[in-house]
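See structure below.
We did not get these values from a lab; they are worked out from the coordinates using the rules stated. As the structure is a prediction and not an experimental result, all values here were calculated from the model. Backbone-built Cβ (ideal geometry, glycine too); neighbour counts: all protein chains shown.
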Amino acid sequence: MRYHPIDPELFQGNRQRFMRSMRQDSIAIFHSNDLMVRSGDSFFPFRQNSDLFYLSGLDQEETVLVLFPDCVKEGFREVAFIKKTNDYIQRWEGHKYTKEEARVVSGIEKVYWLDEMETILHELILLAKRVYVNLPEHDRFIPEVPSRDMRYARSLQKRYPAHKFHRAQPLLKKQAMIKSPQEVALIQRAIEITGKAFQRVLHFVKPGVAEYEIDAEITHDFIRQQANGHAYAPIIASGDNSCVLHYTRNNQICKDGQVLLLDFGAEYANYAADMTRTIPVNGQFSPRQRDVYDAVLRVLKYARAMLVPGVLMEDYNKEIGTQMENELLGLGLLDKNDIKNQEKNYPAYKKYFMHGTSHHLGLDVHDRSDRYDPIQAGMVFTCEPAIYIPEEGFGIRLENNILVTDHEPVDLMAHIPIEAREIEELMNARQLV
């Protein structure tokens with residue numbers, strides 16, 4: 001792995017909390033992600049299933065974790081199964097975990113080869129009354145390709161129809177929303193890498209540079225700093241592209257007078273950063289660009305202060321909508337008639353700011369969460385207001401990552417330049433060198 005070893009106490013604690021939330025006489029089974037075919041006989045780079053990693057730290061394909069807190073068979077409360085290597089695999093694919101290495105990484109004593117799983121797991125399931133299966137449960141995304149977890153769950157239901165099956169995700173979501181200090185430190189490391197890459201970009205961007213060249217500069221800095229790579233497909237959007245929310249082609253030339261919207265984040269030890277900055281290609285915002293930029297930044301600062309325990313996300317988004325409405329009125333993008341005639345379910349401000357302000361951040365960029373739970377200390381959120389004006393050819397989005405505490409929100413990106421004047425000064429200082 002590129003990242004430094006993680007103290008297995010993190011994963012041991014995660015397992016203990018999860019097992020305490022399981023029903024009595026239950027067993028839970030978690031699978032690694034599949035290797036996904038890219039083309040021919042080649043695969044996309046492997047990325048571990050976030051839930052299996054969260055509970056074990058095992059960062060290798062063909063891995064299975066079994067948790068059985070009430071197991072009457074001594075020593076089988078936690079079991080891991082890993083891929084058995086050989087000289088052929090070693091030569092063609094490189095090193096795989098030994099059993100001892102898997103024990104050290106995960107803190108799990110019982111580690112077996114994967115080809116031993118069926119016999120061992122069959123006995124354990126017969127000792128249980130309930131089976132927790134880990135299915136993908138994103139409330140705004142339905143995957144078309146069944147995961148390894150999904151396929152195995154279906155086979156278990158056929159093989160053990162008298163057992164009761166339960167969903168692991170509701171338990172994981174409740175737990176994983178609250179980040180431990182060690183998790184926050186890993187997110188902070190991803191943020192540090194992201195911030196340094198942004199500093200590199202500020203010294204690189206100028207009229208005539210291609211979006212893909214900027215993409216390459218960021219990728220270079222990420223890998224150099226031991227990141228896994230990008231936590232998500234980077235958005236390098238100049239000019240009109242800055243109004244496309246998920247623009248990822250990154251193939252245009254940056255022109256004088258345009259803004260450049262940069263939405264990227266490093267992934268370190270599978271934990272994500274998620275940052276957005278909008279900068280002037282020539283190092284100087286136009287008066288109109290600056291007015292819109294400052295309006296977005298004011299909304300970010302207002303929203304950031306609202307990320308405190310007890311606040312409901314629905315109330316949070318309504319309040320941010322009101323603030324954005326005021327800014328759009330001030331910019332002349334809305335008038336009083338727009339407000340008077342707006343639809344209840346689609347307020348007028350959504351013409352220029354159509355997405356949510358915040359989402360959970362962790363092992364996934366859009367991390368597992370229950371959007372109806374109140375905000376709690378230990379949660380990490382993005383804060384990303386924006387104003388998109390296609391008719392004027394530019395959009396402004398700004399985004400920082402915020403840790404909720406019992407006192408006041410902690411901006412984990414406070415050290416990364418965001419004030420318009422600072423951005424301009426850093427870009428112009430580069431041009432003087």
*Using only the Cα atoms of region 222-364, build the gyration tensor, take square roots of its eigenvalues as a ≥ b ≥ c, and label the shape rounded, prolate or oblate: rounded if a/c is under 1.5, else prolate if a/b is larger than b/c, else oblate.*
oblate
*Rounded to the nearest 5, what is the percent of antiparallel bridges among the DSSP beta bridges in region 9-176?*
50
*Would you mind calculating the gained length between Lys158 and Ser286 on full extension (0.36 nm times residue separation, minus the Cα-Cα distance), in nm to one decimal?*
39.6 nm
*asked:* Which chymotrypsin sites (Phe, Trp or Tyr not before Pro) in region 74-104 sit in a loop by DSSP (not H, G, I, E or B) and have at most 12 other Cβ atoms within 10 Å of their own Cβ?
replied: none
*Write down the percent of antiparallel bridges among all DSSP beta bridges whose residues are both part of the chain, to the nearest 5.*
75
*Taking a ≥ b ≥ c as the square roots of the eigenvalues of the Cα gyration tensor of the chain, is the shape rounded (a/c under 1.5), prolate (a/b larger than b/c) or oblate?*
prolate
_Flagged links, alpha-carbon separation over 32 Å, of Lys174/Lys336; Lys110/Lys164; Lys129/Lys173; Lys84/Lys174; Lys173/Lys350; Lys110/Lys158_ = Lys174/Lys336; Lys84/Lys174
_Relative contact order (percent, whole number), the chain, Cα cutoff 8 Å, 6+ residue spacing_ = 14
_Spin-label model distance (nm) - Arg20 vs Asp406, 7 Å beyond Cα toward Cβ_ = 1.6
_Give me the one-decimal nm value for the distance between modelled label points at Glu93 and Leu135, 7 Å along each residue's Cα-to-Cβ direction._
2.9
*Per-residue ellipticity at 222 nm for the chain, helices alone: DSSP H runs ≥ 4 residues times -39500 (n - 2.57), over residue total, nearest 500 deg cm²/dmol?*
-11500 deg cm²/dmol
_Theoretical gain in end-to-end length, Asp256 to Gln199 [0.36 nm per residue, Cα-Cα removed]_ = 18.5 nm
*Once a ≥ b ≥ c are taken as the square roots of the eigenvalues of the Cα gyration tensor of region 181-432, is the result rounded (a/c under 1.5), prolate (a/b larger than b/c) or oblate (a/b not larger than b/c)?*
oblate
*For region 264-333, what is the charge dipole size about the Cα centre, in debye to the nearest 20, if Lys and Arg each add +1 at the Cβ and Asp and Glu each add -1 at the Cβ?*
280
*Once you put a point 7 Å from the Cα of His220 and another 7 Å from the Cα of Leu35, both along the Cβ direction, what distance in nm separates them?*
3.2
_Arg249-Lys73 FRET efficiency (beta carbon distance; Förster radius 60 Å; 0.05 resolution)_ = 0.65
_Below 17 Å, Cα to Cα, which aspartates and glutamates can Lys179 reach? Residues fewer than 8 away in the same chain don't count._
Asp7, Glu9, Asp51, Glu267, Asp274, Asp364, Asp367, Asp370, Asp373, Asp406, Glu408, Asp411
*Sorted by mean Cβ packing within 10 Å, highest first, what order do the peptides 307-313, 278-284 take?*
278-284, 307-313
*Residue separation times 0.36 nm, minus the C-alpha to C-alpha distance between Asp315 and Ser42: what's the value?*
93.6 nm
